[in-house]
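A short write-up of the structure that comes next.
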Amino acid sequence: MTRLPVAAGRAVAPFLRRFACRVRLAPFVRLVLLCLALGVGPLAAAPEAARPVRVGVLAFLDADAMSSQWEPLLDRLAAALPGSRPVLVQLDHAALREAVARQSVDFVITNPGSYVALEMEFGISRIATLDTALAPSPARAVGSAVIVRAEREDIGTLADLVGKRVAAVGDDAFGGFQVAWREFAQLGIDPNADFAALDFVGLPMRKVVDAVASGRADAGIVRACTVENLAAAGGSAGGAPSQQFRVLSPRPEADFPCLTSTRLYPDWPIATLRSTPPALAKAVATALLAMPPTREGMSWTVPADYQSVHELFRELQTGPYGYLKESTLRAAVVRYWPAVLVLATLLVGWIIYTVRVEHLVQVRTAELRRALDERQAIERRMRAHQEEVEHLSRLSILGELSGTLAHEINQPLASIGNYAQSLVRRVDNGRLTDAAVREASVEIAGQAERAAGILGRIRGFARKRAAVRERRVLAEVVHETVALFSGMLSNRPEISVDEGAAAGCAVEVDPLQIQQVLLNLLKNGLDAMSDLPAEARRLRIALAREDDTLRVDVRDFGRGLAPEARDRLFESFFTTKPDGLGLGLSICATIVEAHGGRLSARPPETGAGMVFTFTLPCHD
Ligand code: ADP
């Protein structure tokens with residue numbers, strides 16, 4: 001800082017202080033002025049040894065008036081603090097805040113609103129509250145009067161000010177605006193939006209009174225007692241002020257000597273900064289509490305409760321509680337940025353996780369679909385293969401039976417031949433009668449029909465086609481199979497069919513496949529009886545119903561099977577026959593299982609042979 005010569009400093013310091021307080025300057029310029037004021041003043045005014053005790057005070061009057069107002073205080077402090085030199089530093093709101101922030105003052109005297117804000121921001125701490133003769137109690141000392149000219153009958157209460165022009169000191173003035181703002185807010189009136197104009201005319205308060213008196217404003221907000229004080233001091237704007245103006249919505253405040261439109265708040269406090277030495281704070285507090293009332297009746301008392309001021313700002317969401325209004329996203333982000341950061345990180349993580357999971361699901365789904373397609377293709381190939389095998393198996397049965405088949409077909413052909421020859425002979429002998437021709441023709445037709453029937457059934461059995469499901473009465477399928485089987489044999493065994501209680505029982509089957517199973521079992525039974533004389537060869541088919549299941553037993557009276565061979569019966573390629581393939585039973589088992597049933601084999605309870613049993617679900 002530039003050090004001025006002592007004499008120059010003495011002359012310049014008061015000017016600088018006043019200038020810094022009155023003129024709205026850029027913060028930097030104000031700071032420089034403040035430094036000059038704080039640095040130059042003490043340098044110029046006192047002996048080198050005296051320690052300056054700097055009391056920052058919110059200026060609301062002009063500098064001279066302020067100095068004379070606080071003179072008794074300075075005198076008191078000077079007397080109480082030997083070796084110290086109390087200095088009054090008059091500052092506006094912004095400069096006062098800067099001085100506190102920089103700790104360039106030791107004490108602060110300011111209005112309740114400014115005090116609460118500095119308390120919350122910088123931790124200043126009140127040590128005494130002003131006690132004036134006017135207020136009944138230091139806790140109920142500051143209020144606002146909303147004044148109109150007495151003749152304005154159109155304005156009766158605060159609520160009538162909507163759409164009117166209102167003058168006030170400034171948006172940071174406590175008694176000159178904020179106290180009244182709370183009352184307007186409680187009436188649902190927003191001074192910034194609902195008045196036709198809200199004009200901040202600045203200090204001193206008298207400017208507001210003048211604005212109302214001159215008609216520039218319909219109403220004015222001033223600290224309570226302002227009008228009464230002006231009246232006492234000798235009038236304003238021509239005429240006795242207390243009669244010239246009317247206070248809107250006056251509240252009954254017991255013992256309070258002035259009219260007030262608002263509730264009352266505590267008086268100005270004096271506060272210490274965090275940096276103020278405790279011993280100094282104690283000495284000042286003691287001195288102030290012991291200070292006798294001045295001529296105007298001003299003294300200091302124990303610190304008042306400023307909770308009501310906190311409530312005011314909290315309700316208005318302004319000043320130190322302005323953050324309550326910052327509900328915008330940006331404000332929330334600025335205020336809660338760590339939580340926002342965590343949330344944003346979680347959100348990004350969640351999005352990445354979701355996208356990844358979605359991607360994985362798609363990849364897996366595609367893989368599954370591919371696997372499913374492959375499986376279906378394999379199943380299709382297996383089905384085709386199975387059908388192929390079954391077809392081959394049927395052809396193999398026919399192949400095995402072809403010897404007897406040729407013989408069987410031969411019989412009707414031989415009969416046809418015989419009848420034809422007998423007709424030729426009769427023609428040659430001249431003994432051909434109509435009756436003989438008719439008889440021979442009927443026989444020939446019958447034998448031809450028999451041969452055609454055999455071939456038709458064989459063709460039907462041997463044909464190649466995809467598996468089907470038909471609802472059929474099983475007993476019928478059994479009879480058709482027996483007819484086919486018998487038709488292919490010259491030496492027919494005795495075949496009995498016992499339909500039992502299952503006579504009308506329907507099944508959902510591929511009839512050709514069930515024929516194939518039955519034919520296989522009958523042929524195997526016949527093979528097992530090859531050692532027996534023809535008349536001893538018997539096959540018995542028995543149908544039985546057990547609940548929802550139909551059981552078919554095929555029994556022969558042949559040589560039977562050893563237990564170890566029985567275990568391997570249904571294995572593919574297991575055969576005991578020299579020319580056998582060993583596929584018949586395994587194919588039969590597959591067919592029966594595909595129909596929802598089971599194929600099994602056991603020795604009969606009595607007698608020789610084997611019993612092969614297969615089951616099918618009944619569909620009644
Ligand atoms: P294959 O008839 O070509 O041998 P199968 O699978 O039809 O093939 O039969 C397998 C084996 O089961 C036969 O070789 C035979 O030893 C035995 N077998 C089947 N049915 C009977 C039966 N009714 N009595 C005794 N053994 C049988």
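To the nearest 10 degrees, how steep is helix 278-289 against the longest Cα principal axis of the chain, on a 0 to 90 scale? Once rounded, one gets 60 degrees.
Which translational diffusion coefficient, to the nearest whole µm²/s, is obtained for region 322-364 from the Stokes-Einstein equation, given a Kirkwood hydrodynamic radius over C-alpha pairs, 20 °C and 1.002 mPa s? Here the translational diffusion coefficient equals 174 µm²/s. Take region 90-180, drop everything but the C-alpha atoms, weight them equally and run the Debye formula without solvent; then report log10 I(q)/I(0) at 0.10, 0.13 Å⁻¹ to two decimals. Log-scaled intensity ratios, in q order: -0.38, -0.60.
Might you report the magnitude of the Cβ-based charge dipole of the chain about its Cα centre, with Lys and Arg at +1 and Asp and Glu at -1, to the nearest 20 debye?
Working: 70 positive and 70 negative charges, 405 e Å.
Here the chain has a charge dipole of around 1940 debye.
Packing order of peptides 444-455, 418-429, highest average first: 444-455, 418-429 (average count of other Cβ atoms within 10 Å over each peptide's residues).
Over all Cα atoms in region 162-277, the spread is summed up by Rg and Dmax: 15.3, 52 Å. Compute the angle between helix 27-45 and the longest alpha-carbon principal axis of the chain, please, reported from 0 to 90 degrees and rounded to the nearest 10. Helix 27-45 and the main axis of the chain meet at about 40 degrees. Backbone amide hydrogens, once placed in the peptide plane, bring LEU198 within less than 5 Å of VAL166, excluding anything fewer than 5 places away on its chain.
Between the beta carbons of ALA371 and GLN103, assuming R0 = 60 Å, the FRET efficiency works out to 0.20 to the nearest 0.05. Over the chain, the ratio between the Cα radius of gyration and 2.2 N^0.38 Å evaluates to 2.41. In a DSSP loop and with at most 11 other Cβ atoms within 10 Å, the chymotrypsin sites (Phe, Trp or Tyr not before Pro) in region 502-585 are PHE573.
Translational diffusion of region 518-575 was estimated from the Stokes-Einstein equation, with Rh taken as the Kirkwood radius over Cα pairs; at 4 °C and 1.567 mPa s the coefficient is 99 µm²/s. By accessible area, using a 1.4 Å probe on protein heavy atoms only, the chain has 56% of its surface on carbon and sulfur. Here the simple spin-label model places points 7 Å from the Cα toward Cβ, and for ASP498 and ASP62 these points are separated by 13.8 nm. Using the Karplus relation 6.51 cos²θ - 1.76 cosθ + 1.60 with θ = phi - 60°, the per-residue 3J(HN,Hα) values for region 439-450 come to 4, 5, 5, 4, 4, 4, 4, x, 5, 5, 5, 4 Hz, with x marking Gly and Pro. For the chain, the longest principal axis of the C-alpha atoms and the axis of helix 584-594 are separated by about 40°. The tail of the calculated P(r) for region 216-349, taken as Cα-Cα distances beyond 18 Å, holds 75 percent of the pairs.
Amide H contacts of SER137: none lie under 5 Å away among residues 5 or more positions distant or on a separate chain (H built 1.01 Å from N in the peptide plane; Pro and chain starts excluded). Each of ALA542, VAL554, ALA483 was placed along the dipole of region 449-587 (beta-carbon charges, centred on the mean Cα), and the one lying farthest toward the positive end is ALA483.
The residues of the chain expose on average 51 square angstrom of accessible surface per residue, using a 1.4 Å probe on protein heavy atoms. Highest average first, the peptides 165-173, 367-375, 93-101 ordered by how many other beta carbon atoms sit within 10 Å of their residues are 165-173, 93-101, 367-375.
The values are calculated or read from the model by the stated rules, or taken from the named source; none is laboratory data. All values reported here derive from a predicted model rather than from experimental measurement. Cβ coordinates were reconstructed from backbone atoms using ideal geometry, including for glycine residues, and neighbour counts include every protein chain displayed. Just the protein is used for accessible areas: all its heavy atoms, side chains included, with ligands, DNA and RNA removed. Shrake-Rupley method; radii C 1.70, N 1.55, O 1.52, S 1.80 Å.
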